[in-house]
Amino acid sequence: MRRIVRITLLALACSAPAAWATDLLQVWQAAQQNDRELAVARATQATAQPRRDQAAALWRPGVAFTATAGLATGESEMRGAQFSAPGLGTSSGVNFGTSVTGGTATRWALQASQPLYNPQRRAQQQQLGLQADMADLEWQAAQQALMLRTAQRYFDVAVAQEALGVLDLQLQAVQKAAPEAQAPFDIRSAPVTDTHEARARLAALRAQRLAAQTDLDVKRRALADSTGLAPTALAVRLPGGAAATAPRALEAWQQEAEAANPAIRLQQLAADIARAEAEKHRRSASATVDLVAQAGQERLHGSGDYGSARNKNVNALVGVQLTVPLTTGGYRSAKEEEALRLLDKAQAQVQSTREQVAQQVHGAWLGLSLGAERVQALTDALAASESRRDATRTGHEVGHRTLLDLLNAENDTAAARLALAQARAGLLLDRLRLAQLVGRLDEDTLRATNQALSAAP
């Protein structure tokens, strides 16, 4: 018995996410764990700290140890030397020569250097920092893009679901009307066109329902693929109303987007990175100064012109090293020219992105400015359509209106209901889209949208 209870509890736990599928926040949280594009951005963002570490390491001391062993031949010669020795006095113009042929050589060296002045490294450090900032910004932009994409897919499913429901209501109305059209025709009391019209409408609606069902299945699958939730668990909902919205002036949104839009900021960072790349190649021709220290030893043992020979050399040095590049055969200047052209491209892309974002902000602002008014107008239109339909149905029952009039009234009511659903979803999406365009789309914004769904009837 206990085992059965445990199995039942486990099954309920596994089915829990299905209950969350009507909640936009829960759908977003599921998308965070499953979306492929966000996973790519997360992996990119993980490179930010290593790049900052690289930038810092450019100015830390470097230490290297080398060791060599092998066969070697060595010769040394000194002419005109002067030396003195006890009991031998001083000699001048003495020549010395040593040689080792096919000897054994061992060498080791320990070297350390600390950059003191290096313009190229400074430009490289700046570039690495900008690349790290870009990785962080790409992560933030990807999160906001996923929020908007998830909301779009969520409302796509909701609207498709509503469209299917509207068609079902139309089908019920036409199916009810079809026998009514056939019965009077059988007793020759009604025109044959009523029957043909009912049959034609019924066939057309059945075809439309199949298309709507297919559209709903496709959109459910798209949302399921990005969230990992089962398509059957996606019982989404639309808002039941729309509060009046009075957005700020368009100029204020444009200014905020210019300063904080993720796409613009990313392009600006790309231009800054291209500028740092050009500066890095330009500075590669600059002199560098390093603090250096080194110690080493060299041994050579073998036979020479005068028999067995052995040589040992030990050295140590601490000082400052100056390096002045003279020529690279044109390579440096060519790389700098290439980097400058890429900088021109990046700057052009910044301007293009600014123009695109300005257009997107304008469109979202218009949608938000007029959306609430449009929703109210469509709400009134639906109420009027329903009243007209009810009056037409009454008129049809008493013989004052034709079946065609009734079917047209039903169709107009269905169209008004679907248009209202689309407008309500569009209004919420415009709010989210405008927030994303100015870089302010976050979970608080998504939570406010979700509350509008929770308040829906």
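The values are calculated or read from the model by the stated rules, or taken from the named source; none is laboratory data. All of these numbers come straight from a predicted model, not from anything done at the bench. Methodologically, a virtual Cβ is constructed for each residue, glycine included, from the backbone with ideal geometry; neighbour enumeration extends over all protein chains shown.
Yes or no: the range 106-114 includes at least one residue that is closer than 22 Å to His281 by Cβ and of a type in the set (A, V, I, L, M).
So in the range 106-114, the residues closer than 22 Å to His281 by Cβ come out as none.
For the range 106-114, residues closer than 22 Å to His281 by Cβ and of a type in the set (A, V, I, L, M): absent.
Condition (residue is within 30 Å of Ala293 (Cα to Cα), hydrophobic (A, V, I, L, M, F, W, C) and modelled with pLDDT under 75) applied to the range 67-79: is it met by at least one residue?
yes
A quick yes/no check of all residues on (1) surrounded by 14 or more Cβ atoms within 10 Å (Cβ to Cβ); (2) part of a helix (DSSP H, G or I); (3) at pLDDT below 90:
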residue: Thr353; (1), (2), (3): yes, yes, no
residue: Val357; (1), (2), (3): yes, yes, no
residue: Gln360; (1), (2), (3): yes, yes, no
residue: Arg401; (1), (2), (3): yes, no, yes
residue: Leu441; (1), (2), (3): yes, no, no
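How many residues are hydrophobic (A, V, I, L, M, F, W, C) and within 14 Å of Val159 (Cβ to Cβ) if we restrict to the range 212-234?
Adding up the residues that qualify gives 6.
Checking Ala285 against (1) touching a residue at least 24 places away in the same chain (Cβ under 8 Å); (2) over 30 Å from Arg341 (Cα atoms); (3) small (Gly, Ala, Ser), which test does it fail?
Looking at each condition in turn, Ala285 falls short on (2).
Among residues belonging to the range 300-310 that are part of a strand (DSSP E or B) and surrounded by fewer than 17 Cβ atoms within 10 Å (Cβ to Cβ), point out the one that is modelled with the highest pLDDT.
In the first step, residues of the range 300-310 are kept if they are part of a strand (DSSP E or B); the result is 300-304, 307-310.
With surrounded by fewer than 17 Cβ atoms within 10 Å (Cβ to Cβ) added as a condition, the list becomes 301, 303, 307-308, 310.
Values: His301: 82, Ser303: 77, Gly307: 69, Ser308: 77, Arg310: 78.
Applying the filter and picking the extreme gives His301.
State all residues of the range 311-334 that are surrounded by 12 or more Cβ atoms within 10 Å (Cβ to Cβ) and of a type in the set (D, E, K, R); if no residue qualifies, say none.
Passing the criteria: only Arg332.
Looking at Arg206 and the list (1) at pLDDT 90 or above; (2) at positive phi, which single condition is not satisfied?
For Arg206, the exception is condition (2).
Is it true that Val159 is part of a helix (DSSP H, G or I), modelled with pLDDT of 80 or more and either under 20 Å from Val27 (Cβ atoms) or over 38 Å from the mean Cα position of the chain (by Cα) (or both)?
Here the answer is yes, as Val159 does meet what is asked.
Being part of a helix (DSSP H, G or I), within 29 Å of Ala425 (Cα to Cα) and acidic (Asp, Glu), is that true of even one residue in the range 254-276?
For the range 254-276, residues part of a helix (DSSP H, G or I), within 29 Å of Ala425 (Cα to Cα) and acidic (Asp, Glu): present.
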